[in-house]
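K.L.:
I am attaching a structure below and will ask some questions about it afterwards.
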Amino acid sequence: MIYATLLLRKSLFTPMVRYMDLSALELNTMAIVTKVGHKREENRLRSVGIRVGARIQVLDRTSSHGYRVKVDDTRLVLSHELAQTIDCIYR
Amino acid sequence: MCSSCGQTKHSANKTQTPVVALVGRPNVGKSTLFSRITGLHRKMGNWPATTVEVGSADIVVNGQEFRILDLPGISSLAPISPDEKLTRDILVEDDPDLIVAIVDASNMARCLYLVCQLKELGTPIIVALTMSDIASGRGINVDIDALSRGLGVRVVSALPRSKNGTVELEEILAETLTQLNLDSTDPHESNLPLDEDQRINFVSDILATSVTRTNERSTFSDRVDHFLTAPILGVVILLGVLWVVFQSTTSFAAPFQDWIASFISGVVTPPIESALSSIPWLKGLIVDGLISGVGTLLTFLPVMSIMFLLLSLLEDSGYMARAAVVSDRLMRFAGLPGKALLPLLVGFGCNVPAVSATRSLSDARHRLIVGLTVPFTACSARLAVYIFVAGIFFGPNAGTVVFAMYLVSITLVILFALFLRLTFIKGATREPLLIELPPYRLPTTTFIVTDAWLRVKGFLREAGGIVIITVVAMWVLMAIPISGNNQFANTPVEQSAYGAIAKGISPIFAPAGFADWHTAGALATGFVAKEVVISSWAQNYAVDSPNRKLVISDLGKKLKKDFERSSSGNTSAAVLAFLIFLTAYTPCVATVAAQRREFGTKWAVAGVGLQLAIAWLLAVAVFQIGRLLF
């Protein structure tokens, strides 16, 4: 009983950690990039700062038109295809 | 080995002028800084043995003379396009005496990564910190002293958009170069190269100690981008912006064109005519050949200058990147990346620099597709002919007709690119959309004016001579009598060699409704340069007057009569067919020369063949269908 209460308290007060790809990230939520999966475009993505550990935030999303994102201080637009290959984590 | 002069690596104590290289990521304010420092003293030219343009200028600051280079933007020393490759090669092989690394204060992480790589080269570096005003607007504050200590190099704040914003930087450059000249030891330290993770950690440590942030808030750029990059609204805004550009060009250029034409025919020509009246053939060569050729060139400068000014304004404001995002879907339909928009937009000013602008694309096949498609963009020389013809035949609807020609041009561009991708140039990779959005900023007059001036100067240098030679050659052909008892330089145009050639080719245009030799001849000379189409007509119809309005009125009447006759009364259909042909066929010899330089003779010749075939087929289709509808 005491153990169950402690577990319940921990789940209520410990921030949840969520893992997802960029296409599913809620708007204006700051996340950290954990993986960049598009091998062919890896160099291009790195050149604009999308690398493991970068802070990333989706500002606007239109899956047919692209995602407007903020990576550190850089604003850029990338496709739905690329967004699906970028894994990130946020609390 | 130096790629520019073939000598072995230069040392810091060489006697020739020291070289300072401006290096930075795209959109950090490098060219604006270069413009502010060099003013109108800069020149653009191809780097030896390449087709990439590099800005350079020789300047003197506090008695220290040096050459400053504006290198193409580079994201890192691992290049992904020909422009970036050249920058890397110049830095690594040519070894400039001093590097000025431009760092955008509002986007430091990306820029400092490049600075880290530049430090590894061992060349002395000064960091110029730009866009501090934008950074502070975003709540980003940079401690310059801490940044300088962290990087181990001198850091100077530079505001190229303000009048005296680069004075401190220029003085420090001069001081540093003087110091390098005096210092007899080799200034090139050898630093051990770092791997990527070490660089990233190094940059993170520096940012932590030198950058503080107040509350992060949505910026002006973010709020505006919500609308400007929206799927439907963004496209509407883009079309509106383009309409304003083209409308402004036509409206503002007309009075200047009239003034130039009146000045040449009313002030320059009469004294020369009277001085040479005793030598008719020389008078004809000078007045109808040379002066006419130069005059033709000058009357097109207002259109071109205003177009380039407006394109520079859009580029400097930061809007072009948004335009590339919005047009990405349309470009992608043709198998091209959104970045292909910029060379095509430049093509609406002049096709010659547009072909060169394809170098910014990383994929060679994309460069080739866009380079072969550029001739279908309606350049400002074509615009002048559209305005002239539409004004004569469509009166109050002239503006609508001209705008329709631009829509036709855009459609041709998309379809031709698609055609090339599916047939001759297969295998072009589909790059996913990835475009950086620079912050919006107020364009600076200095940069816009000097940038437009350089483009116009480039056009005059590359195409000016060809235009003048064409007009002179046309005069010579018109002077050679073929039939009748006429003398050289005293023969009706119809009985000259030019007239014979024009009559020989005019039947080709019979199915398109404009098989009149005057028009066929004008189109033939237009193949060499579109700027001479109208003056060719004037010469073919022997229309001449000091008053340009009278020339247009007289010429207009004769054109109407001949179009009516050659189209059997279907004038509107024939005129539209003519305009379509004008849009689709080869823009000028200078463009073909630029294509040959970039892609080789085979592709340049193939391009000309395809343009002529498509132009003729479309013109015939438009006339044959149009005469049933109108």
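K.L.:
Would you check if B:ALA417 is surrounded by 18 or more Cβ atoms within 10 Å (Cβ to Cβ) and outside any helix (DSSP H, G or I)? Spell out the reasoning first.
P.N.:
Working: surrounded by 18 or more Cβ atoms within 10 Å (Cβ to Cβ): yes; outside any helix (DSSP H, G or I): no.
In short, no.
K.L.:
So which residues in segment A:41-63 are polar (S, T, N, Q) and more than 7 Å from chain B (Cβ to nearest Cβ)?
P.N.:
Residues of segment A:41-63 polar (S, T, N, Q): A:43, A:47, A:57, A:62-63.
Passing the criteria: A:GLN57, A:SER63.
K.L.:
Still on this structure: Taking the stated definitions as given, is B:VAL235 of a type outside the set (D, E, K, R), surrounded by 14 or more Cβ atoms within 10 Å (Cβ to Cβ) and either modelled with pLDDT of 80 or more or within 30 Å of A:GLY66 (Cα to Cα) (or both)? Outline the logic, then answer.
P.N.:
Numbers: of a type outside the set (D, E, K, R): yes; surrounded by 14 or more Cβ atoms within 10 Å (Cβ to Cβ): yes; either modelled with pLDDT of 80 or more or within 30 Å of A:GLY66 (Cα to Cα) (or both): yes.
Taking the combined requirement at face value, the residue satisfies it.
K.L.:
Report those helices (runs of 4 or more DSSP H) wholly inside segment B:519-630 carrying at least 1 residues which are of a type in the set (A, V, I, L, M) and within 26 Å of B:ALA354 (Cβ to Cβ). Full working, then the answer.
P.N.:
Details: elements: B:533-540, B:548-566, B:571-584, B:589-599, B:601-629.
Output list reads B:533-540, B:571-584, B:589-599, B:601-629.
K.L.:
Any residue in segment B:100-120 that is touching a His at 6+ places or on another chain (Cβ under 7 Å) and away from every other protein chain (no Cβ under 14 Å)?
P.N.:
In the first step, residues of segment B:100-120 are kept if they are touching a His at 6+ places or on another chain (Cβ under 7 Å); the result is none.
Scanning segment B:100-120 turns up no residue that is touching a His at 6+ places or on another chain (Cβ under 7 Å) and away from every other protein chain (no Cβ under 14 Å).
K.L.:
Can you say whether B:ASN107 is in contact (Cβ under 8 Å) with a residue 60 or more places away in the chain, under 22 Å from B:ASP197 (Cα atoms) and not hydrophobic (A, V, I, L, M, F, W, C), as far as the supplied structure shows? Please lay out each step first, then the result.
P.N.:
Details: in contact (Cβ under 8 Å) with a residue 60 or more places away in the chain: yes; under 22 Å from B:ASP197 (Cα atoms): yes; not hydrophobic (A, V, I, L, M, F, W, C): yes.
Yes, satisfied.
K.L.:
Another one. Quick check on my filter: what residues within segment B:52-82 are within 14 Å of chain A (Cβ to nearest Cβ), among the hydrophobic types (A, V, I, L, M, F, W, C) and open to solvent by 20 Å² or more (accessible area, probe 1.4 Å)?
P.N.:
Going through segment B:52-82, the residues within 14 Å of chain A (Cβ to nearest Cβ) turn out to be B:73-81.
Remaining after also requiring among the hydrophobic types (A, V, I, L, M, F, W, C): B:74, B:77-78, B:80.
Scanning segment B:52-82 gives B:LEU77, B:ALA78, B:ILE80.
K.L.:
So A:HIS80 ticks every box in (1) open to solvent by less than 20 Å² (accessible area, probe 1.4 Å); (2) more than 8 Å from every other protein chain (Cβ to nearest Cβ); (3) within 11 Å of B:LEU433 (Cα to Cα) but one. Which box is left unticked?
P.N.:
Result: A:HIS80 passes all but (1).
K.L.:
Turning to a different aspect of this structure: Taking segment B:320-367 as the region of interest, how many residues are away from chain A (no Cβ under 12 Å), open to solvent by 20 Å² or more (accessible area, probe 1.4 Å) and in contact (Cβ under 8 Å) with a residue 60 or more places away in the chain?
P.N.:
Total satisfying the criteria: 5.
K.L.:
Given the structure, is A:THR85 over 18 Å from B:SER106 (Cβ atoms), of a type in the set (Ser, Thr, Tyr) and more than 7 Å from chain B (Cβ to nearest Cβ)?
P.N.:
Details: over 18 Å from B:SER106 (Cβ atoms): yes; of a type in the set (Ser, Thr, Tyr): yes; more than 7 Å from chain B (Cβ to nearest Cβ): yes.
So A:THR85 passes the test.
K.L.:
Still on this model: Counting just the residues of segment B:399-456 that are among the aromatic types (Phe, Trp, Tyr) and away from chain A (no Cβ under 14 Å), which one comes out farthest from B:ALA615 (Cα to Cα)? It would help to see each step written out before you state the result.
P.N.:
The first filter runs over segment B:399-456 and keeps only residues among the aromatic types (Phe, Trp, Tyr), leaving B:403, B:406, B:416, B:419, B:424, B:440, B:447, B:453.
In the following step, the residues that additionally are away from chain A (no Cβ under 14 Å) were identified as B:403, B:406, B:416, B:419, B:424, B:447, B:453.
Working: B:PHE403: 19, B:TYR406: 15, B:PHE416: 12, B:PHE419: 15, B:PHE424: 19, B:PHE447: 38, B:TRP453: 32 Å.
The residue in question is B:PHE447.
K.L.:
Exactly one of these conditions fails for B:VAL413: (1) under 21 Å from B:VAL608 (Cβ atoms); (2) without any contact (Cβ under 8 Å) to a residue 40 or more places away in the chain. Give me its number.
P.N.:
Every listed condition holds for B:VAL413 apart from (2).
K.L.:
Then there is this: Could you tell me whether any residue of segment B:143-159 is over 25 Å from B:ASP197 (Cα atoms) and open to solvent by less than 20 Å² (accessible area, probe 1.4 Å)?
P.N.:
Yes: one or more hits.
The values are calculated or read from the model by the stated rules, or taken from the named source; none is laboratory data. Predicted, not measured: the structure shown is a model, and the values here were computed from it. Ideal geometry is used to build each Cβ from the backbone, glycine not excepted, and the neighbour counts take in all protein chains shown. What goes into the accessible areas is simple: the full protein's heavy atoms, side chains included, and nothing from ligands, DNA or RNA. Shrake-Rupley method; radii C 1.70, N 1.55, O 1.52, S 1.80 Å.
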